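Enquirer: What follows is a structure written as structure tokens; I'll ask about it next.
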Amino acid sequence: MTVNNTIAHQRLVLSGDRERFRELLRRRLIECGWRDQVRMLCREAVKENENSNVTFDMLVTKVTPRARALVPDTVKKELLQKIKTYLLTQKDQ
Amino acid sequence: MNDNGCIHLNNFKAAKGTNPYKIVHAFFVSCTSFEARRYKATSCLCFTCGKPGPRMHSCLHCIYFACYAGHIQEHSKSKKHFLYVDLSYGNIYCAQCQDYIYDRELNEISISHKLKEAKSLGISMPFMPWLPNSNEAMALRRLRKRRLISPHTTIGLRGLQNLGSTCFMNCIVQTLIHTPLLRDYFLAEKHKCKAQGSGKCLVCEVSKLFQEFYSGAKTPLTLHRLLHLIWTHARHLAGYEQQDAHEFFIATLDVLHRHCMNGVDENGEKKENGRCNCIIDQIFTGGLQSDVVCTSCHGVSTTIDPFWDISLDVAGPGSLAACLERFTRAEHLGSAAKIKCSTCRCYRESTKQLTLETLPIVASFHLKRFEHSSQIDRKINAFVSFPAELDMTPFMSSHRRAVDVGADNNNAPEGVFEDNRYSLFAVVNHVGSLDAGHYTAYVRQMKGGWFKCDDHMITRASLREVLDSEGYLLFYHKTVLEYDCDAA
Ligand SMILES: [Zn+2]
Ligand SMILES: [Zn+2]
Ligand SMILES: [Zn+2]
Ligand SMILES: [Zn+2]
Ligand SMILES: [Zn+2]
Ligand SMILES: [Zn+2]
């Protein structure tokens, strides 16, 4: 992260907009069914390892690559577009 | 997953209480104030490597920040500080148990901070999934019978017998039965009736009807009693005799809204600023703003009226969006319709504009295909296209205002999160001529599955078929539901 990036990041946190974007992403992922899909992936992973103790970290390693691939392009595009527009308007101020 | 934490966390709580968690959470996980956001913005970096991640954690014992790429583990080992908090989600990791652990008391703190944060940022609370309480969990364990709802389920689909030109009622009943939020309300048995057992409460009748529709049985239902009740009430209220699906829809909402007063529903039927808060009004009521502008002094007089549906003129072939655009366009009232201006203190020519001040959860559109005048009664068959997904933003008062002053609404931080998207979930059609017509309805079942309800017959339909149909009543459901900060 460069200095500029750090400042942009700090601004985002300070204004609360980082949290707003995060919430927007969360909602979109719920709406498109992504969260349910990931839940099913987790359930499968737990079932596969039924006799051993499944930890959070094991689930993260196992599920993350597939979960990332499942994020719809429309969601990525919308977020990217909105963050871009937001950062550009911030620059002018 | 149990939420009793672990012995290490319980020992920690016994020694230091919940305050360390509270402070870390309020300042660095869900910021409950501007001051907290300032701390979070400037200090959430790994004390060891200076990077902002991955997965920042804070030591619960000494508030040491470090990343999950090894540095928090290092700190934990060397200092024997075994508990640390994930700064993105607020979960607690116990290095002795070697996993995240869940504690009911701390979870409640986390939820209350999240609510506070949402409130301070003006974000409405998102949907919280239903979690069974201990009573409900026990009831579920006791009740062994399970009904699996798959994407291809046909549960909830039942035909309705035609009792002699009652198709105009059947299609409205089908629409209401497939209105997602209304279904959730009734299947959750939210209507607690004062007049229970009297057999006079229509809301109770509808509640029973939902149970019958979703019982799993497939034979067509006969609606004698319910229709008779609604019909007698409606006729009594409106004194009308026409067999029109639109009028029946409005009459049904009206009758149900009146009968909700019998109930002692969980949310209470208390009136907020004079408006009814019953389930019907919660779902179907929006606010229509009317601005009358005096052409001499440009003074504006604004009124807002509740509405249950929007009736749109069908001038000729066109689209729903075009109809709405016309509906919300400023209209010159002309010299024959002067209005008294309170500023000028005399009658002036003026313009009038209608916009949507608040949107209902279900937006119902009535295409005025029937023209009744003293000379003729006729039906307008013009093709009006309507979309499966509709954004209502352009027709809202706030948007029209922003357009008028030339502001670009989309860049406002609130504008980013305003969500006025709707999805089509039911269409009522009138086929045939004015006096020898028949009503059918298309309803959506699960995501993307459509069915045609033609009295006792239910057949699978495609979205294409629905969108190509003529359309008399169009029903859209809000795509994303927002929850008030206070309500949660
Ligand atoms: Zn420490
Ligand atoms: Zn580090
Ligand atoms: Zn432990
Ligand atoms: Zn009742
Ligand atoms: Zn009401
Ligand atoms: Zn005037």
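The values are calculated or read from the model by the stated rules, or taken from the named source; none is laboratory data. If you're wondering where the values come from, they're calculated on a predicted model, not measured in any experiment. Virtual Cβ from ideal backbone geometry, glycine too; neighbours counted across all protein chains shown. Please note that ligands, DNA and RNA were not included when accessible areas were found on the heavy atoms of the full protein model with its side chains. Shrake-Rupley method; radii C 1.70, N 1.55, O 1.52, S 1.80 Å.
Enquirer: What residue, among those in the range B:317-329 that are surrounded by 14 or more Cβ atoms within 10 Å (Cβ to Cβ) and in contact (Cβ under 8 Å) with a residue 24 or more places away in the chain, is farthest from B:Met392 (Cα to Cα)?
Expert: By that ranking, first place goes to B:Gly318.
Enquirer: If you don't mind, another one. For B:Gly90, only one of the following conditions fails: (1) away from every other protein chain (no Cβ under 11 Å); (2) open to solvent by less than 60 Å² (accessible area, probe 1.4 Å); (3) in contact with a strand residue (DSSP E or B) (Cβ under 8 Å, 6 or more places away or on another chain). What is its number?
Expert: (3)
For (1) farther than 26 Å from B:Ile172 by Cα; (2) open to solvent by less than 40 Å² (accessible area, probe 1.4 Å), each residue gets a yes or a no:
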| position | (1), (2) |
| --- | --- |
| B:Glu331 | yes, no |
| B:Ser335 | yes, no |
| B:Ile339 | yes, no |
| B:Gln353 | yes, yes |
| B:Val362 | no, yes |
| B:Asp377 | no, no |
| B:Val384 | no, yes |
| B:Leu390 | no, yes |
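Enquirer: Looking at (1) within 12 Å of chain B (Cβ to nearest Cβ); (2) part of a helix (DSSP H, G or I); (3) open to solvent by 60 Å² or more (accessible area, probe 1.4 Å); (4) not hydrophobic (A, V, I, L, M, F, W, C), which is the one condition that is false for A:Asn53?
Expert: Here A:Asn53 clears every test but (2).
Enquirer: Let me ask something additional. Is there a residue in the range B:97-113 that is within 14 Å of chain A (Cβ to nearest Cβ), in a helix (DSSP H, G or I), in contact (Cβ under 8 Å) with a residue 60 or more places away in the chain and not aliphatic (A, V, I, L, M)?
Expert: Yes, there is a match, as at least one residue in the range B:97-113 is within 14 Å of chain A (Cβ to nearest Cβ), in a helix (DSSP H, G or I), in contact (Cβ under 8 Å) with a residue 60 or more places away in the chain and not aliphatic (A, V, I, L, M).
Enquirer: Just to confirm my filter: which strands (runs of 3 or more DSSP E) fall fully inside the range B:274-316 and include at least 1 residues that are surrounded by 14 or more Cβ atoms within 10 Å (Cβ to Cβ) and within 16 Å of ligand 6 (Cβ to nearest atom)?
Expert: In the range B:274-316, the matching strands (runs of 3 or more DSSP E) lie at B:286-294, B:300-307.
Enquirer: Going by the conditions given, is A:Glu48 surrounded by 15 or more Cβ atoms within 10 Å (Cβ to Cβ), acidic (Asp, Glu) and at pLDDT 85 or above?
Expert: No: the conditions fail for A:Glu48.
Enquirer: Can you name every one of the strands (runs of 3 or more DSSP E) wholly within the range B:418-474 that holds 1 or more residues which are surrounded by 15 or more Cβ atoms within 10 Å (Cβ to Cβ) and within 14 Å of another protein chain (Cβ to nearest Cβ)?
Expert: On the way: elements: B:421-432, B:437-445, B:449-454, B:457-461.
Answer list for the range B:418-474: B:421-432.
Enquirer: Within the range A:16-28, is even one residue of a type in the set (Phe, Trp, Tyr), in contact with a helix residue (DSSP H, G or I) (Cβ under 9 Å, 6 or more places away or on another chain) and at pLDDT 85 or above? Don't jump to the end; show me each part of the working.
Expert: In the first step, residues of the range A:16-28 are kept if they are of a type in the set (Phe, Trp, Tyr); the result is A:21.
Retained after the next criterion (residues that are in contact with a helix residue (DSSP H, G or I) (Cβ under 9 Å, 6 or more places away or on another chain)): A:21.
Subset that is at pLDDT 85 or above: A:21.
Within the range A:16-28, one or more residues are of a type in the set (Phe, Trp, Tyr), in contact with a helix residue (DSSP H, G or I) (Cβ under 9 Å, 6 or more places away or on another chain) and at pLDDT 85 or above.
Enquirer: Here is a further query. If A:Asp36 satisfies every condition in (1) farther than 24 Å from B:Val480 by Cβ; (2) open to solvent by 80 Å² or more (accessible area, probe 1.4 Å); (3) over 14 Å from the mean Cα position of the chain (by Cα); (4) more than 9 Å from chain B (Cβ to nearest Cβ) but one, which is the exception?
Expert: For A:Asp36, the exception is condition (1).
Enquirer: Can you find a residue that is touching a residue at least 60 places away in the same chain (Cβ under 8 Å) and within 12 Å of chain B (Cβ to nearest Cβ) anywhere in the range A:5-13?
Expert: yes
Enquirer: For the range B:41-68, what are the residues that are away from ligand 2 (no atom under 14 Å from the Cβ) and open to solvent by less than 30 Å² (accessible area, probe 1.4 Å)?
Expert: If the condition is that a residue be away from ligand 2 (no atom under 14 Å from the Cβ) and open to solvent by less than 30 Å² (accessible area, probe 1.4 Å), then B:Ala41, B:Leu60 are the ones that fit.
Enquirer: Looking only at the range B:18-72, how many residues end up being away from chain A (no Cβ under 11 Å), part of a helix (DSSP H, G or I) and not β-branched (Val, Ile, Thr)?
Expert: The qualifying residues number 8.
Enquirer: So, in the range B:14-32, of the ones that are open to solvent by less than 40 Å² (accessible area, probe 1.4 Å) and of a type outside the set (Val, Ile, Thr), which residue ends up farthest from the chain's Cα centre (by Cα)?
Expert: Ranking the candidates gives B:Gly17 first.
Enquirer: Name the one entry in B:Thr302, B:Thr295 that is in contact with an Asp or Glu (Cβ under 8 Å, 6 or more places away or on another chain) and farther than 30 Å from B:Asp254 by Cβ. Spell out how you get there, then give the answer.
Expert: Working: B:Thr302 fails: farther than 30 Å from B:Asp254 by Cβ.
Exactly one of B:Thr302, B:Thr295 is in contact with an Asp or Glu (Cβ under 8 Å, 6 or more places away or on another chain) and farther than 30 Å from B:Asp254 by Cβ, namely B:Thr295.
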